[in-house]
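As structure tokens, the structure follows; a few thoughts come after it.
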Amino acid sequence: MTTPAKLNNFPICYPFLYHNIIGECGNKIYLAFMNLAEFAIANLAACIAAIAVAGLDFLGILVMSIVFVVFTPPASFVLQYWVGYSACANKSTIRYILCFVSYGAAVLFNIVMFIGIPDVSSGLINGIKLVANHKVVAIFHFIMAALWLFNAVFAAIILLLMVRHFRSDDCSVNEVKGSVTSFFTRRAISNAVGI
């Protein structure tokens, strides 16, 4: 008897990893990962527009935007999407907790991006700086601020959905305590025995 072939979802990661988003978690986790990648690219466009009209005063946010575009999508994939997916697929309490921490950090990251701290991102503060002399670019920064706020709310919703999934999988924090205690007990015994 042959086993049915496993079908990968997009993105195709075969030979590295198998994932079946819809079958095991629902596609909302993947959508959250894609939103962050798209917003990092839109943030870069806003920063380029600010430099084009306002000069080198916005060079810091351009450098940070390039860093976001290069590092945020892979970090988001590994720290959010993959941790969330593997928590659902394996019903692992430790991975759920890592997912909660990761999405909590994502909410905070998006709020910082929404604020638009100078030399960090496009957003409210940088939009206000541009509104007097460069209204079109300021509007673009305000739109980016709204998108970052939307993404913060979306990440919070994903976090709440993962909490609901965690509870429906009958996972508990006591399992983590038991796993950690068991791990350190085995390690202490193996160290004592000299294995």
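Values quoted throughout were computed directly from the atomic coordinates according to the rules given, and no laboratory measurement underlies them. Since the model is a prediction, treat every value here as computed from it, not as a measurement. Neighbour counts are summed over all protein chains in view; Cβ atoms, including those assigned to glycine, are modelled from backbone coordinates with ideal geometry.
Looking at segment 39-182 from every direction and averaging, what is the projected area of its Cα convex hull in nm²?
8.9 nm²
Treat the count of other C-beta atoms within 10 Å as a stand-in for reagent exposure and order Met144, Met162 from fewest to most.
Met162, Met144
Per 0.36 nm of contour for each residue apart, how much would the distance between Ile117 and Ala45 grow if the chain were fully extended, relative to their Cα-Cα spacing?
Gain on extension, Ile117 to Ala45, equals 24.3 nm.
Once you put a point 7 Å from the Cα of Val67 and another 7 Å from the Cα of Phe150, both along the Cβ direction, what distance in nm separates them?
2.7 nm
Based on other C-beta atoms within 10 Å, arrange Tyr85, Tyr96 from fewest to most.
The most exposed by this proxy come first: Tyr85, Tyr96.
When a footprinting reagent is the concern and you count Cβ atoms within 10 Å, what order do His141, His165 take, fewest first?
The fewest-first ordering by Cβ neighbours comes to His165, His141.
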